[in-house]
Amino acid sequence: YNQRMEISKWLALYDREQRRDVVYPDMLRQILSHVVRYTRPAPGANFILFSDLAGADVDAVIQEELEYFTSLHQPFEWKVYSHDYPADLKERLAAHGFVPDEPEAIMMLDLEQVSSALLAPVNAEVRPITQRQDLQDVITVLEEVWGGDFAWVWDRLGAHLQIPGYLNVYVAYVGGVPASAAWIYFHPGSQFASLWGGSSREAYRRHGLYAALLRVRAQAALRQGVRYLTVDATPMSAPILEKHGFLQIATAWACEVKV
């Protein structure tokens, strides 16, 4: 019961600070009657991160957003969370041509209850990446792990590294070879920092590198006075996060549409 109450409290906080009120420095945030819309100049990813569709004509709102983004000739996604209203929102979006991605576990950690494991010294060779030109090591890891083109990392993370106190990027090396990469965003005016990346090349898995990067980022967050960590976790990383005290508070699907 206590854990359910805790999760319910966290969820309300997460919805407010990480979905409705979060500000991204390179994006326009538009608060509309039923959605919060985030857009950036082409060619960039755009999204609806929060919706409050109680009392709305849901299909009309979906159609309105489709028309808006179609007029911009911009791709976009609608992030649907398991507690969003209506319960069949994902299915309604699918009927309008959205394709849901694989589900992600939305996980949270209260750093006031951080485990001693996350406070332990980091034994792996982990280096902070502070210059745009050094992001190639991050791209090398991501492209091998996920496939596809991660050239966007140059511009997006490169620009964000120029903003003081906003982004920390880390790469773990084995024998001088980039083996694992991850980053953490510190959101102005928020009690949250968000964890991203967390990817290890296959040859270097089960070497504790994911946990080492988790430790580095948790300790950075503590130094910055952050209260909560959050991560959109894949099925591969969720069990490791759980072992380190993270709790799943929701499930989310990025529903994409090509316009």
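The values are calculated or read from the model by the stated rules, or taken from the named source; none is laboratory data. No experiment lies behind these values; they were computed from the predicted model shown. Glycine gets a Cβ as well: all are built from the backbone with ideal geometry, and neighbour counts include every protein chain shown. Note: areas computed on protein heavy atoms with side chains; ligands, DNA, RNA excluded. Shrake-Rupley method; radii C 1.70, N 1.55, O 1.52, S 1.80 Å.
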### Query
In the range 60-71, what count of residues is obtained for those that are of a type outside the set (Val, Ile, Thr), surrounded by 13 or more Cβ atoms within 10 Å (Cβ to Cβ) and without any contact (Cβ under 8 Å) to a residue 60 or more places away in the chain?
3
### Task
Could you please let me know if Arg156 is among the basic types (Lys, Arg), under 24 Å from Tyr24 (Cβ atoms) and either open to solvent by 20 Å² or more (accessible area, probe 1.4 Å) or part of a helix (DSSP H, G or I) (or both)?
yes
### Query
So which residues in the range 217-234 are in contact (Cβ under 8 Å) with a residue 40 or more places away in the chain and of a type outside the set (S, T, N, Q)?
Arg217, Ala218, Ala220, Ala221, Leu222, Val226, Arg227, Tyr228, Leu229, Val231, Asp232, Ala233
## Note on the structure
When restricted to Val80, Val99, the only residue open to solvent by 40 Å² or more (accessible area, probe 1.4 Å), aliphatic (A, V, I, L, M) and over 29 Å from Tyr204 (Cα atoms) is Val99
## Note on the structure
Residue pairs qualifying under the 8 Å Cβ cut-off, at least six apart or on distinct chains, with the first in the range 127-142 being in a strand (DSSP E or B) and the second being open to solvent by 10 Å² or more (accessible area, probe 1.4 Å), are Arg127/Tyr170; Arg127/Tyr173; Pro128/Asn168; Pro128/Tyr170; Ile129/Asp137; Ile129/Leu161; Ile129/Tyr170
### Task
Could you tell me whether any residue of the range 159-166 is open to solvent by 10 Å² or more (accessible area, probe 1.4 Å), in contact with a Gly (Cβ under 9 Å, 6 or more places away or on another chain) and not basic (Lys, Arg)?
no
### Query
If you scan the range 30-59, which residues turn out to be open to solvent by 80 Å² or more (accessible area, probe 1.4 Å) and either closer than 17 Å to Tyr85 by Cα or not hydrophobic (A, V, I, L, M, F, W, C) (or both)?
Ser33, Pro41, Pro43, Asp52, Gly55, Asp57
### Message
Please go through the range 224-259 and give me each residue that is of a type in the set (S, T, N, Q) and open to solvent by less than 30 Å² (accessible area, probe 1.4 Å), ordered by number.
### Response
Thr230, Ser237
### Query
Which pairs have Cβ atoms under 9 Å, sit 6 or more apart or on different chains, and link a residue in the range 84-97 that is on the phi > 0 side of the Ramachandran plot and in contact (Cβ under 8 Å) with a residue 40 or more places away in the chain to one that is assigned to a helix (DSSP H, G or I) and open to solvent by less than 60 Å² (accessible area, probe 1.4 Å)?
Gly97/Leu66
## Note on the structure
Per the list (1) farther than 22 Å from Leu11 by Cβ; (2) at pLDDT 95 or above; (3) crowded, with 17+ Cβ neighbours inside 10 Å, residue check on Ala211 breaks on (2)
### Summary
Filter the range 9-63 for residues that are among the acidic types (Asp, Glu) and either at pLDDT 95 or above or not in a loop (DSSP other than H, G, I, E, B) (or both); the one that is farthest from Leu195 (Cα to Cα) is Asp57
### Query
If you take the residues in the range 160-207 that are in contact (Cβ under 8 Å) with a residue 60 or more places away in the chain and in contact with a Lys or Arg (Cβ under 8 Å, 6 or more places away or on another chain), which one is nearest to Val141 (Cα to Cα)?
Phe192
### Message
Among the residues of the range 214-223, are any closer than 20 Å to Leu118 by Cβ, open to solvent by 60 Å² or more (accessible area, probe 1.4 Å) and not in a strand (DSSP E or B)?
### Response
yes
### Residues of the range 13-29 satisfying the condition of being over 16 Å from His160 (Cβ atoms), open to solvent by less than 60 Å² (accessible area, probe 1.4 Å) and of a type in the set (A, V, I, L, M, F, W, C)
Leu13
